[in-house]
Every structure is written in C-alpha cells, then in structure tokens.
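Report on the structure given below.
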Ligand code: 3AM
C-alpha cells in the first residue's frame, strides 16, 4: 500500500521565507525545507493498481498556470487544541478550481470524494497532543506576504513515516498548459 497525496512545491525563495518564520513557539515541530508543500488533495492508502489509475487520470488534467502569493498565517485545531500552524495562500479560487479537477480524478479512480472544505495552506509546524499557545505567532505574522509565484504544475507524493515526522517522496510530476 502507498500513502499518497497531491501537492505543489513552492519555489526555493518562498520556502526560505517560510523557513525563516520558525522558532519561538513552544512545542512546535517546524517543517523542514523538504516537507514544505501546498496540498491539493490528501488521498491516503491505496494499492498499486489504483495508484496507477490515479496517475493516468491526473495526467489528463488541463489547467492554465496562474500566480499566487503567501498571505498571512493561521492555525487548525483538533478537538479545541491547536495542532497545525500554516501560511495562507491567495488568491484561493484558482487553487480551488485545480483542487476540484484533482478531486474529480480521484473519484474516477475509485477513491472517495474529498471529505473537507478545501482551504489552501502551507503547513509550517505541527504540535503534539497538548497543543500550545499560538496567538503571539499569529499576531506577529498576520501581515506576512510574499511576491507572487507561478503554479504551473503539481506532484503526486508518497508519504512515509521517518525519524522526524513524515518524509515526502515525489512519485510523478504533472504540468499545466503553456
Ligand atoms: O498540507 P498539510 O500538511 O496540511 O496533514 C496532512 C498533510 O496536510 C494531510 O495530508 C497532507 C500530507 O500528509 N493529511 C494526513 N492525513 C489526512 C487525513 N486523514 C490528511 N488530510 C486529510 N485526511
């Protein structure tokens, strides 16, 4: 079985900016350079046969490249405890459109439809069960903003558990038109 997800790797300069935010939050496990990504769709465990079908369907997706930028920061909670810090991405609509195309490919490959609302983000840090206070971080970086960068493709990744959290390995790259 393979644990898969579909994501976009931001360019190195953007990743460097995001890495520079690390620090000063108790209990945070900051993502390293290789882990930074913008998820389009989480897939989960699939067998090789279904993964191959999905890879073919992803190859048929057409989209026009578009520009986005990092804007602001936020957090996700699980049962009232903060478990993720992230950087926001704007504008959201072209990413949501691409997400819908990827989601249709997943459904055609026999996977379940997306279960959650799609909020484009790049995870910066995760927390253990006890969570932490992130208000200071959110206030300091509320105005975070980067230059625009182009989204002209996406990648199918396999997630493997390593010593310092999940390691992500690119399985296949897909490119937009133009
Ligand atoms: O882009 P981020 O870091 O937010 O949290 C996991 C990560 O998202 C998410 O998939 C991305 C690559 O691992 N993920 C992991 N398990 C998940 C699940 N059961 C999940 N997303 C939804 N449902």
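Numbers at a glance
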| read-out | value |
| --- | --- |
| Those residues of segment 51-82 which are within 13 Å of the ligand (Cβ to nearest atom) and in contact with a strand residue (DSSP E or B) (Cβ under 6 Å, 6 or more places away or on another chain), in sequence order | 74, 75, 76 |
| Those residues of segment 58-82 which are in a helix (DSSP H, G or I) and surrounded by 16 or more Cβ atoms within 10 Å (Cβ to Cβ), in sequence order | 58 |
| Restricting segment 1-27 to residues that are in contact with a helix residue (DSSP H, G or I) (Cβ under 6 Å, 6 or more places away or on another chain) and outside any helix (DSSP H, G or I), the residue that is nearest to the ligand (Cβ to nearest atom) | 6 |
| Residue 38 vs. criteria closer than 20 Å to residue 119 by Cβ and more than 14 Å from the chain's Cα centre (by Cα) | no |
| Lone unmet requirement of (1) away from the ligand (no atom under 15 Å from the Cβ); (2) more than 19 Å from residue 176 (Cβ to Cβ); (3) modelled with pLDDT of 95 or more for residue 133 | (3) |
| Selected residue (criterion: farthest from the ligand (Cβ to nearest atom)) from residues of segment 28-50 that are part of a helix (DSSP H, G or I) and in contact (Cβ under 8 Å) with a residue 60 or more places away in the chain | 50 |
| Qualifying position, being within 18 Å of the chain's Cα centre (by Cα) and without any contact (Cβ under 8 Å) to a residue 12 or more places away in the chain, among 69, 15, 78 | 78 |
| So residue 176, is it under 30 Å from residue 53 (Cβ atoms), away from the ligand (no atom under 16 Å from the Cβ) and surrounded by 15 or more Cβ atoms within 10 Å (Cβ to Cβ) | yes |
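For every residue, the table says whether it meets (1) within 15 Å of the ligand (Cβ to nearest atom); (2) within 21 Å of residue 1 (Cβ to Cβ).
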residue	(1), (2)
93	no, no
101	no, no
108	no, yes
121	yes, no
143	no, no
146	no, no
164	yes, no
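The values are calculated or read from the model by the stated rules, or taken from the named source; none is laboratory data. None of the values given here were measured: they were computed from a predicted structure. Don't worry about glycine lacking a Cβ; one is built from the backbone with ideal geometry, like all the others, and counts go over all protein chains shown.
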